[in-house]
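Novice: Quick one: structure below, then a few questions.
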Amino acid sequence: MRRTYDGKTEFPMAMPTEPMKWFYDRILFKHPIVVLLGFFVVMGVLAANARNFQIEASAETLIDQTDQNYLYFQEVIDTYGFDDFVFITYSPHEGDLLSDPVLSEIASLRDEVNALESVDSVMSLLDVPLLESPPRPIDEIVKNLRTLRDPGVDMELARTEFKTSPLYRNLLVSPDFTTTALQINFKPDEIYESLWERRQDLRQKESEEGLSATEKQEFAEVRKNIRERQGVMDANRHQDIQKIRAVMDQFADGADLFLGGISIIADDLMAFIRSDLRVFSLAVLAFLIVALGVIFRSFRWVALPILCCAFSVIAMTGLLGLFGWQVTIVSANFVALQLIFTMAISIHIVVRYREIAADNPDADNRHITREAVLAMKTPIFYAGLTTMAGFGSLWFSDILPVVTFGWMMSAGIFTSLVVTFVFFPAMSVLLPGRGPTPAAGAPRSRFALPAILSDFTAAHGPVVLIVSTLVFIIGVAGIFQLRVENSFLNYFKKSTDIYQGLLVLDRELGGTTPLDIIIGFDEDRDSENVAGMAAASEDESDEFDEFDEFDEFDAPGGDGRYWFTQHRLERIEAVHDYLDEIEYTGKVLSLAVLNKMARRVTGSALDTFQLNLVFNQFPEEFRKILVAPFVSIEKNETRINLRVIDSAENLRRNELIGQIRRDLTEDFGFRAENVHLTGMMVLYNDVLQQLFSSQILTIGVVLAALLVMFLVLFRSVKVALIALFPNILSTSVVLGMLGWLDIPLDIMTITIASVSIGIAVDNSIHYIYRFMREFAKTGDYMESMRRCHGSIAYALYYTCITIVAGFAILSLSNFIPTIIFGLFSGLAMLIALIGALTLLPRLIILFKPFGPEGETPAEA
């Protein structure tokens with residue numbers, strides 16, 4: 001209800017404390033130069049720390065280091081090793097892959113790349129063993145493996161082997177034999193490996209018996225050193241990739257060459273993020289300058305908001321560098337968001353300044369500036385707080401970078417408030433004269449959106465309510481269509497080299513995203529086979545003398561000489577074939593591959609002795625490729641590695657993982673505890689599923705928190721509920737449209753929900769705050785609405801059109817998540833504006849939360 005104090009009609013409303021007014025009257029407006037000098041000193045310190053600003057796109061930044069799936073992934077790496085490699089795809093313009101000129105070019109390319117300091121080896125079709133060119137007895141093959149480099153190789157037989165081999169087809173060469181791949185293996189980083197091993201030792205001891213105080217301190221130091229070393233390795237790998245691309249350019253005239261692999265994805269992700277932060281932040285800033293010039297037609301009203309935006313971004317990047325907060329692919333758009341909120345604050349102050357100046361033609365610049373910032377401090381202060389609450393949905397996530405992004409944006413909003421309310425008034429009072437203002441009572445264009453929406457809302461109130469309800473229902477229905485997917489391929493435009501390279505790997509050379517399946521064996525009937533073989537070997541020990549060279553033979557889990565039984569290999573091959581037949585899987589690699597190849601050579605299934613001969617007496621260099629990555633005799637388990645076809649149109653990664661896990665237990669008889677799926681696909685999928693559930697399920701919690709904040713701000717349940725509805729509408733429309741357009745939420749775009757809430761909250765608070773002031777003067781709801789649409793609505797309108805158009809620039813990015821973020825953030829602003837200027841005033845008029853009409857201020 002309205003109350004009258006000293007002849008002025010006001011409404012109960014929570015207000016910030018008076019220290020802010022004291023600061024302005026006693027310090028800022030008395031000593032603006034001193035304030036600015038202090039401000040610039042702080043900016044200088046933060047700018048210096050901005051040099052420590054870091055971008056990190058590696059998988060480890062997204063994953064909880066204590067997550068059980070992640071820890072198991074680390075265990076798999078410890079057992080089977082981790083090869084850091086990338087692929088070059090080579091498609092000659094002329095000639096067959098096995099023609100002499102093409103093979104000569106491939107050899108030159110291989111040698112050039114292999115000469116790079118960081119490269120350990122390069123595997124090409126020139127280097128792999130040929131088992132069927134020509135066919136030979138198994139014992140002869142084992143003793144004398146041949147490659148294309150050897151004289152006398154039958155090229156036609158080699159062509160047939162490459163095109164039909166269960167190992168080489170769809171991995172080393174494409175099915176149509178027009179493209180081949182070169183695998184580039186990098187040298188391991190000894191410092192990182194040493195730190196890794198120490199971390200694993202400490203982690204194991206922590207889980208088994210706990211750590212002492214000294215060991216805990218060492219554990220923390222090791223983890224810190226690993227992060228720092230990872231940064232060094234990322235920088236080195238970027239240089240390596242640039243050098244490899246430089247070598248590839250030398251061969252580009254005779255072939256199409258592309259670079260692919262997980263390391264390439266991570267490196268290009270960081271490159272695109274850096275580029276977007278640099279190029280598009282400057283592009284958006286340049287557009288904002290033009291837009292402000294068109295709207296206000298004054299250098300003063302262009303320079304002050306732009307400087308506030310620039311100083312806010314500098315301050316925030318400095319704080320990120322100071323506290324060591326890394327920008328990941330989740331928080332890559334923080335600069336654009338920082339510009340949004342700072343620009344919105346500045347425009348509100350400018351519009352209020354112009355209104356006060358127009359109503360008080362004799363007032364000086366200092367007085368107008370003071371009145372403008374003091375008039376806007378309350379709505380802007382609470383708009384900032386509620387926007388922080390909008391990002392509060394991110395705080396409930398279990399994913400550290402998402403939580404960090406939530407705190408990062410909260411700190412960013414606070415930074416924008418401090419920078420704008422210090423720099424803007426201090427600089428404004430030092431500028432000569434008054435800022436340009438429209439004449440008092442000057443008519444506004446009837447074609448401006450606020451005027452159009454004012455007339456429409458006044459004349460068609462029921463239509464506004466009905467349409468809003470229908471749009472809300474459609475939006476909610478769309479939310480139920482939402483899904484989460486993480487397609488690396490779809491992160492990039494089709495015109496980019498990274499997209500084309502990944503597409504070649506995906507469709508021609510076995511897929512993109514790796515997935516590991518670890519299967520443990522029980523002590524079943526294989527034990528009897530092993531026992532029988534061990535007894536039989538008493539008389540044949542000489543045959544196995546060479547086996548002692550295989551390290552795993554001394555493992556306590558069993559005698560490695562007899563692990564490779566027919567029964568085990570049959571079960572592995574059955575799973576291999578099942579995985580190979582799934583529509584969404586590319587190349588599948590396991591022990592079954594070598595078994596299949598050996599069977600092709602001999603023409604029949606291998607007996608147990610032959611199996612062990614093949615698996616154990618293969619030359620070391622090839623055993624490391626074909627055997628060691630797929631078996632742990634010590635743990636009595638096998639590893640099957642496959643790559644998922646990332647470009648498959650109907651791929652649902654979470655469903656695929658669940659299907660494989662179910663089928664291996666239900667159809668193949670493996671115990672659930674013996675079947676583990678791991679790798680980058682599983683880890684990223686887990687991150688997405690956690691993020692989706694935490695975001696969608698906590699939106700209700702955040703809306704409840706906003707309701708409480710509205711209650712504190714407006715001290716009225718009715719007003720709080722009215723203020724909440726446009727926020728719900730904006731969020732449902734944006735998320736619903738993503739659902740209806742079948743745009744999957746991923747690690748970057750899922751934060752759009754928080755952005756939508758934050759933007760809509762800002763508009764609601766500013767409009768209701770102004771409506772309360774106008775109604776106190778008129779006592780008429782419709783007239784108050786028209787006055788709001790002629791004043792505060794223009795601040796909302798200017799902010800909206802400026803930033804929406806600025807965000808449209810992001811559509812020029814080559815990084816698809818940046819495009820989606822820009823377009824849907826712009827859509828969120830537009831929906832929030834329309835809701836604030838139609839649904840919000842119509843609800844106020846309908847429910848009359850400020851009391852009955854007809855009372856004059858004096859009567860109240």
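Novice: Within segment 305-334, can you find the residues that are at pLDDT below 85 and either buried (at least 24 other Cβ atoms within 10 Å of the Cβ) or out of contact with any strand residue (DSSP E or B) (no Cβ under 9 Å at 6 or more places or on another chain) (or both)? Let's see the steps before the verdict.
Specialist: Of segment 305-334, the ones at pLDDT below 85 are 323-334.
Correct list: F323, G324, W325, V327, T328, I329, V330, S331, A332, N333.
Novice: Looking at segment 740-756 only, could you name the residues that are buried (at least 22 other Cβ atoms within 10 Å of the Cβ) and either without any contact (Cβ under 8 Å) to a residue 40 or more places away in the chain or of a type in the set (G, A, S) (or both)?
Specialist: A753, S754, S756
Novice: Checking N641 against (1) modelled with pLDDT of 80 or more; (2) surrounded by fewer than 19 Cβ atoms within 10 Å (Cβ to Cβ); (3) not in a strand (DSSP E or B), only one condition comes out false. Which one?
Specialist: All conditions are met except number (3).
Novice: Restrict the check to segment 170-178 and report whether at least one residue is at pLDDT 85 or above, more than 30 Å from V601 (Cβ to Cβ) and of a type in the set (D, E, K, R).
Specialist: no
Novice: Any chance segment 520-532 includes a residue that's at pLDDT 80 or above and crowded, with 18+ Cβ neighbours inside 10 Å? Don't jump to the end; show me each part of the working.
Specialist: Residues of segment 520-532 at pLDDT 80 or above: 520-522.
Checking which are crowded, with 18+ Cβ neighbours inside 10 Å leaves us with 521.
Within segment 520-532, one or more residues are at pLDDT 80 or above and crowded, with 18+ Cβ neighbours inside 10 Å.
Novice: Could I ask something else about it? Consider K187 against the criteria (1) open to solvent by 30 Å² or more (accessible area, probe 1.4 Å); (2) basic (K, R); (3) under 21 Å from Y70 (Cβ atoms): it satisfies all of them except one. Which criterion is unmet?
Specialist: (3)
Novice: Condition first: among the polar types (S, T, N, Q) and loosely packed, with under 14 Cβ neighbours inside 10 Å. Now tell me which residues in segment 445-480 satisfy that. Walk me through how you get there before you give the answer.
Specialist: Within segment 445-480, the subset among the polar types (S, T, N, Q) is 445, 454, 457, 468-469.
Hits for segment 445-480 are S445, T469.
Novice: Of the residues in segment 145-154, how many are in a loop (DSSP other than H, G, I, E, B) and over 24 Å from A255 (Cβ atoms)? Walk me through how you get there before you give the answer.
Specialist: Narrowing segment 145-154 to residues in a loop (DSSP other than H, G, I, E, B): 145, 147-154.
This time we only want the ones that are over 24 Å from A255 (Cβ atoms), so: 145, 150-152, 154.
Result for segment 145-154: 5.
Novice: Look at segment 89-144 and say how many of its residues are open to solvent by 30 Å² or more (accessible area, probe 1.4 Å), more than 25 Å from P175 (Cβ to Cβ), in a loop (DSSP other than H, G, I, E, B) and at pLDDT below 90.
Specialist: Total satisfying the criteria: 2.
Novice: On to the next question. Give me the pairs: first residue in segment 284-300 and touching a residue at least 40 places away in the same chain (Cβ under 8 Å), second residue outside any helix (DSSP H, G or I) and surrounded by 13 or more Cβ atoms within 10 Å (Cβ to Cβ), beta-carbon distance under 8 Å, and six or more apart or on different chains, which are they?
Specialist: What qualifies is F296/P436; R297/P436; S298/G435; S298/P436; R300/L431; R300/G435; R300/P436.
Novice: Quick one: A705 ticks every box in (1) more than 16 Å from A836 (Cα to Cα); (2) at pLDDT 85 or above except a single one, so which number is it?
Specialist: (2)
Novice: Right, next: Any residue in segment 161-186 that is under 18 Å from V627 (Cα atoms) sitting within a Cβ distance under 7 Å of a residue that is open to solvent by 10 Å² or more (accessible area, probe 1.4 Å) and of a type in the set (S, T, N, Q)? List the pairs, counting only those 6 or more apart or interchain.
Specialist: That search, which allows pairs on different chains as well, returns N185/S121.
For (1) at positive phi; (2) among the small types (G, A, S); (3) assigned to a helix (DSSP H, G or I), each residue gets a yes or a no:
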{"position": "Q239", "(1), (2), (3)": "no, no, yes"}
{"position": "R245", "(1), (2), (3)": "no, no, yes"}
{"position": "D253", "(1), (2), (3)": "no, no, no"}
{"position": "D256", "(1), (2), (3)": "no, no, no"}
{"position": "L259", "(1), (2), (3)": "no, no, no"}
{"position": "M270", "(1), (2), (3)": "no, no, yes"}
{"position": "S275", "(1), (2), (3)": "no, yes, yes"}
{"position": "R278", "(1), (2), (3)": "no, no, yes"}
{"position": "A286", "(1), (2), (3)": "no, yes, yes"}
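Novice: Taking the conditions exactly as written (in a helix (DSSP H, G or I) and either buried (at least 16 other Cβ atoms within 10 Å of the Cβ) or touching a residue at least 60 places away in the same chain (Cβ under 8 Å) (or both)), does L195 satisfy them or not?
Specialist: yes
Novice: Within segment 335-342, identify whether any single residue is of a type outside the set (F, W, Y), in a helix (DSSP H, G or I), in contact with a Cys (Cβ under 6 Å, 6 or more places away or on another chain) and open to solvent by less than 40 Å² (accessible area, probe 1.4 Å), and answer yes or no.
Specialist: At the first step, the residues of segment 335-342 found to be of a type outside the set (F, W, Y) are 335-340, 342.
If we keep only those that are in a helix (DSSP H, G or I) too, we end up with 335-340, 342.
In the following step, the residues that additionally are in contact with a Cys (Cβ under 6 Å, 6 or more places away or on another chain) were identified as 339, 342.
Restricting the remaining residues to those that are open to solvent by less than 40 Å² (accessible area, probe 1.4 Å) gives 339, 342.
Yes.
Novice: Is it true that R237 is at pLDDT below 85 and over 22 Å from G510 (Cα atoms)? Even if it seems obvious, please write down each step before you answer.
Specialist: Numbers: at pLDDT below 85: no; over 22 Å from G510 (Cα atoms): yes.
Judged against the criteria, R237 is not a match.
Novice: Would you be able to say whether some residue in segment 362-372 is open to solvent by less than 10 Å² (accessible area, probe 1.4 Å) and either of a type outside the set (A, V, I, L, M) or in contact with a strand residue (DSSP E or B) (Cβ under 9 Å, 6 or more places away or on another chain) (or both)? Talk me through it step by step, then tell me what you get.
Specialist: Looking only at segment 362-372, we keep the residues that are open to solvent by less than 10 Å² (accessible area, probe 1.4 Å), and these are 368-369, 372.
Next cut, either of a type outside the set (A, V, I, L, M) or in contact with a strand residue (DSSP E or B) (Cβ under 9 Å, 6 or more places away or on another chain) (or both) only: 369.
The answer is yes, given that some residue of segment 362-372 is open to solvent by less than 10 Å² (accessible area, probe 1.4 Å) and either of a type outside the set (A, V, I, L, M) or in contact with a strand residue (DSSP E or B) (Cβ under 9 Å, 6 or more places away or on another chain) (or both).
Novice: Collect the residues in segment 289-300 that are assigned to a helix (DSSP H, G or I) and surrounded by fewer than 24 Cβ atoms within 10 Å (Cβ to Cβ), keeping them in residue-number order. I'd like the intermediate steps shown before the answer.
Specialist: Looking only at segment 289-300, we keep the residues that are assigned to a helix (DSSP H, G or I), and these are 289-296, 299-300.
Hits for segment 289-300 are I289, V290, A291, G293, V294, I295, F296, F299, R300.
Novice: For segment 654-693, what are the residues that are touching an Asp or Glu at 6+ places or on another chain (Cβ under 6 Å) and open to solvent by 10 Å² or more (accessible area, probe 1.4 Å)?
Specialist: Looking only at segment 654-693, we keep the residues that are touching an Asp or Glu at 6+ places or on another chain (Cβ under 6 Å), and these are 678-679, 690.
Of everything in segment 654-693, just one residue is touching an Asp or Glu at 6+ places or on another chain (Cβ under 6 Å) and open to solvent by 10 Å² or more (accessible area, probe 1.4 Å), namely Q690.
Novice: While we're on this one: Answer with yes or no whether A760 is aliphatic (A, V, I, L, M), at pLDDT below 90, under 25 Å from S346 (Cα atoms) and touching a Lys or Arg at 6+ places or on another chain (Cβ under 9 Å). Don't jump to the end; show me each part of the working.
Specialist: Working: aliphatic (A, V, I, L, M): yes; at pLDDT below 90: yes; under 25 Å from S346 (Cα atoms): yes; touching a Lys or Arg at 6+ places or on another chain (Cβ under 9 Å): no.
Against the criterion (aliphatic (A, V, I, L, M), at pLDDT below 90, under 25 Å from S346 (Cα atoms) and touching a Lys or Arg at 6+ places or on another chain (Cβ under 9 Å)), A760 does not qualify.
Novice: Which of the helices (runs of 4 or more DSSP H) contained wholly in segment 758-845 include at least 3 residues that are closer than 30 Å to N490 by Cβ and in contact with a Ser or Thr (Cβ under 9 Å, 6 or more places away or on another chain)? Quick ask: steps written out before the conclusion?
Specialist: On the way: elements: 781-789, 792-808, 816-834.
Where helices (runs of 4 or more DSSP H) fall fully within segment 758-845 and carry at least 3 residues being closer than 30 Å to N490 by Cβ and in contact with a Ser or Thr (Cβ under 9 Å, 6 or more places away or on another chain), they are 792-808, 816-834.
Novice: Hey, can you tell me all the residues within segment 644-653 that are touching a Gly at 6+ places or on another chain (Cβ under 8 Å) and open to solvent by 30 Å² or more (accessible area, probe 1.4 Å)? I'd like the intermediate steps shown before the answer.
Specialist: From segment 644-653, those touching a Gly at 6+ places or on another chain (Cβ under 8 Å) are 644-646; that's our starting set.
Across segment 644-653, the qualifying residue is only I645.
Novice: So S346 passes all but one of these: (1) in contact (Cβ under 8 Å) with a residue 60 or more places away in the chain; (2) open to solvent by 10 Å² or more (accessible area, probe 1.4 Å); (3) more than 26 Å from the chain's Cα centre (by Cα). Which condition number does it fail?
Specialist: (2)
Novice: Which one of these does L98 not meet: (1) in contact (Cβ under 8 Å) with a residue 24 or more places away in the chain; (2) touching a strand residue (DSSP E or B) at 6+ places or on another chain (Cβ under 9 Å)?
Specialist: (2)
Novice: Still on this model: Out of R245, R274, R223, I need the residue that is open to solvent by 60 Å² or more (accessible area, probe 1.4 Å), of a type in the set (K, R) and either under 30 Å from L339 (Cβ atoms) or under 22 Å from the mean Cα position of the chain (by Cα) (or both). Which one?
Specialist: Working: R245 fails: either under 30 Å from L339 (Cβ atoms) or under 22 Å from the mean Cα position of the chain (by Cα) (or both); R223 fails: either under 30 Å from L339 (Cβ atoms) or under 22 Å from the mean Cα position of the chain (by Cα) (or both).
One residue alone meets the criteria, R274.
Novice: Now for a different question. Residues A793, A828, A832: which one is modelled with pLDDT of 90 or more, among the aliphatic types (A, V, I, L, M) and crowded, with 23+ Cβ neighbours inside 10 Å? Spell out how you get there, then give the answer.
Specialist: Working: A828 fails: modelled with pLDDT of 90 or more; A832 fails: modelled with pLDDT of 90 or more.
That would be A793, the only listed residue that is modelled with pLDDT of 90 or more, among the aliphatic types (A, V, I, L, M) and crowded, with 23+ Cβ neighbours inside 10 Å.
Novice: Quick check on my filter: what residues within segment 489-510 are over 20 Å from Q242 (Cα atoms), open to solvent by 10 Å² or more (accessible area, probe 1.4 Å) and assigned to a loop (DSSP other than H, G, I, E, B)?
Specialist: If the condition is that a residue be over 20 Å from Q242 (Cα atoms), open to solvent by 10 Å² or more (accessible area, probe 1.4 Å) and assigned to a loop (DSSP other than H, G, I, E, B), then K493, K494 are the ones that fit.
The values are calculated or read from the model by the stated rules, or taken from the named source; none is laboratory data. Not measured: the values here are computed from a predicted model. Cβ coordinates were reconstructed from backbone atoms using ideal geometry, including for glycine residues, and neighbour counts include every protein chain displayed. For the accessible areas, the whole protein counts, side chains as well, though only heavy atoms, and no ligand, DNA or RNA atoms are used. Shrake-Rupley method; radii C 1.70, N 1.55, O 1.52, S 1.80 Å.
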